[in-house]
1. When the convex hull of the Cα atoms of segment 39-82 is projected onto a plane and the area is averaged over all directions, what value comes out in nm²?
2. So what's the chain giving for Cα Rg divided by 2.2 N^0.38 Å, two decimals?
3. Using a basic spin-label model with each label point 7 Å from the Cα along Cα→Cβ, how many nm lie between A111 and D46?
4. With each run of n ≥ 4 DSSP H residues scored as -39500 (n - 2.57), what mean residue ellipticity at 222 nm is computed for the chain after dividing by its residue count and rounding to the nearest 500 deg cm²/dmol?
5. Just to confirm the filter: which trypsin sites (Lys or Arg not before Pro) across segment 83-147 are DSSP coil and have at most 13 other Cβ within 10 angstrom of their Cβ?
6. Provide, for the chain, the number of lysine pairs with alpha carbons under 22 Å apart, each pair being eight or more places apart or on different chains.
Amino acid sequence: MALKYLALASLIVLYSLMFIGGYVSSAGLGLSCPEWPLCPNGVLPDAKYFIEWTHRLVAVTTATLVIVTAIVSWLNKDAHRKIKFTSAFAAILVVTQITLGAIVINLKLHAVLVAIHLGVGILLFSMVLLTALFAFKIAKKPIESTI
Ligand code: HEM
């Protein structure tokens with residue numbers, strides 16, 4: 001039961017994070033907060049850092065949800081091995097993505113790294129989506145052909 005809702009919460013929060021990331025990028029706010037892990041002024045920064053700071057705060061929330069989902073799926077003996085695989089892969093990807101986010105800032109938005117940040121984000125979304133689908137058993141139903 002907890003696994004279903006953890007997987008769903010991860011999916012919703014991750015989707016919002018990718019939306020915010022897209023806004024950060026297209027609005028040119030990528031270096032609005034030049035330090036890492038916190039913005040200047042610490043945990044509660046000035047309004048000018050708000051969007052980029054929100055991206056980091058939601059990233060930490062996403063990482064917590066994704067990692068807890070993986071731990072719960074591995075502790076649950078009834079969980080299918082497909083869920084164990086997708087959730088563990090998602091946990092590895094989320095840690096990679098946060099590390100990559102820090103490198104993107106340190107290397108001043110190097111184009112290749114920003115592209116990899118987007119690519120890893122899409123892969124992460126796919127794994128979290130699959131975990132949620134498996135948790136709700138939607139993927140278990142065979143698709144019947146009408147031909
Ligand atoms: C689970 C974690 C994360 C996910 C899924 C994620 C996802 C994204 C996405 C989808 C974009 C838009 C990319 C584009 O349009 O090309 C983005 C942009 C960005 N992210 Fe993240 N992000 C994460 C964590 C972080 C962290 C921890 C940092 C920094 C500490 C960070 C820094 C940035 C920056 C600076 C941009 C804007 C790049 C630019 O200006 O082109 N991200 N992120």
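1. Orientation-averaged projected area of the Cα hull: 4.0 nm².
2. Normalised by 2.2 N^0.38 Å, the Cα Rg of the chain equals 1.16.
3. For the pair A111/D46, the computed spacing is 3.1 nm.
4. Taken over the chain, the calculation gives -24500 deg cm²/dmol.
5. Counting only loop positions with at most 13 other Cβ atoms within 10 Å, the trypsin sites (Lys or Arg not before Pro) in segment 83-147 are K108, K137.
6. 16
Each reported figure results from applying straightforward, stated rules to the coordinates on display, with no laboratory input. None of these values were measured; they are calculated from a predicted model. No Cβ is skipped: glycine too gets one built from the backbone with ideal geometry, and neighbour counts run over all protein chains shown.
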